[in-house]
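To keep things clear, I will list the structure first and then write my remarks on it.
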Ligand code: AMP
Ligand code: MG
């Protein structure tokens, strides 16, 4: 076929980054819920609200190693005028003191140990001077602030985590603290991954001039894994419609197919032709650089997202369109001061590679979409909106890499 142009296409062309993201998300299925041991829940999406089954702390306890006493007894304590208290026992984590702390008394106490009845404040060990085995001098008052009240973190019955939350390491730890051994999560999205190109070869093979190692497939597979997806590896297909079709046939059971290469303006960009001529196209081309040639469509009911083959393009499109659509998690951007100017593009959002130093972001330099080092060396993508442009010293939106 002749390469399609913007003139009267039968599908949207040159969509915005946000539109591309929404159109991909709209083609993905609702994922069923499954229950997994909490240790396997990292990176998954919580499928239901989580209540605390217990309180944390489960009892009022000490935040420090020291002594527990009555605050009122200790108010006059200082290095010059220490207060002398009688030690009546010990409270250890998991082994509480079984008596009560009376006036003029204290117990030795350790971090996480229950506060005995009668005591309401802690003096840390650094502020104590021993006076024989049975007495201690306080060099400053005991503080109630060093008592952790029961339920101070969360109380039994409280809804602490909401459905839709992505389970990071601290969130998995929190779920355990809440009392859950198994968690309801969405099943993993199954993503088939295919790279294309006659010149693209497996790592480890000797490289002939004009060939390139299949860096995209390994990079994309890693990013899919980090994004909590199950990857169905379809390997690599040469540039012919028949071999592409044969490879895509292996995507049975996938929720979405992600391809790299063959979607641009060239004669041998057959992924593009296949979708346009024999599949379905939701859009072709996104108003962004790098990554402009990306295509979204369908093949026999399977959603297909075609990433451009240029290594920087494919990984940047993954970052700002594919991952947020697949995970439902928005792209997190923050504002940094620009250390250098960043050029704007008339009708494209630019995602320049930036290096962060001393809290400011500067231009990485080589910004070509084939310069893979720019992504591996950069700290952030600097977003310059369509028609914009950034002067040194201005605030700019960045996405951390
Ligand atoms: P394409 O999008 O197929 O026109 O490819 C654009 C550029 O990306 C070409 O220079 C390709 O050699 C390169 N390329 C394509 N696929 C890959 C890949 N899987 N890994 C690394 N580079 C690739
Ligand atoms: Mg190609």
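Worth a mention:
- Nearest-ten-degree value, helix 17-27 long axis tilted from longest Cα axis of the chain: 90 degrees
- Rounded to 5, percent antiparallel among DSSP beta bridges of the chain: 70 percent
- Computed label-point distance, nm, for sites residue 13 and residue 35 using a 7 Å Cα→Cβ extension: 5.3 nm
- For the chain, the longest principal axis of the alpha carbon atoms and the long axis of helix 215-226 meet at an angle near 40°.
- Measuring r between the beta carbons of residue 139 and residue 177 and using R0 = 35 Å, the FRET efficiency lands at 0.50.
- Backbone N atoms of region 35-51 closer than 12 Å to the 7 Å Cα→Cβ label point of residue 159 belong to residues 48-51.
- Calculated mean residue ellipticity at 222 nm for the chain: -4000 deg cm²/dmol, from DSSP H runs with n ≥ 4 weighted as -39500 (n - 2.57), summed, divided by the residue count and rounded to 500.
- Cα centroid separation - region 192-210 against region 309-362, whole Å: 27 Å
- Hydrodynamic estimate: the Kirkwood radius of region 333-400 over Cα pairs, inserted into Stokes-Einstein at 10 °C and 1.306 mPa s, corresponds to D of 137 µm²/s.
- Here, region 232-306 is characterised by an Rg to Rh ratio of 0.93, where Rg is the alpha-carbon radius of gyration and Rh the Kirkwood radius.
- The spread of Cα positions in region 16-156, taken along each principal axis and listed from longest to shortest, comes to 74, 35, 21 Å.
- One chain, two ends: residue 53 and residue 377. Fully extended at 0.36 nm per residue, the span grows by 112.1 nm beyond their Cα-Cα distance.
- Each peptide in 75-84, 335-344 receives the mean, over its residues, of other Cβ atoms within 10 Å, and ordering these scores from highest gives 335-344, 75-84.
- Taken over region 145-225, the ratio of Cα radius of gyration to 2.2 N^0.38 Å equals 1.97.
- Of every Cα-Cα pair in region 165-208, the percent that sits beyond 17 Å: 60 percent
- Cα point-scatterer Debye curve for the chain, base-10 log of I(q)/I(0) at q = 0.06, 0.07 Å⁻¹: -0.41, -0.52
- Cα-projected label distance for residue 347 with residue 71, points at 7 Å along beta-carbon direction, nm: 6.8 nm
- Computed on the Cα atoms alone, the convex hull of region 3-80 gives a volume of 326 cubic angstrom per residue.
Read the figures in this text as sums done on the coordinates, not as results from a lab. Just so you know, these numbers come straight off a predicted model, no measurement behind them. Every residue, glycine among them, receives a Cβ derived from its backbone with ideal geometry; neighbour counts consider all protein chains shown.
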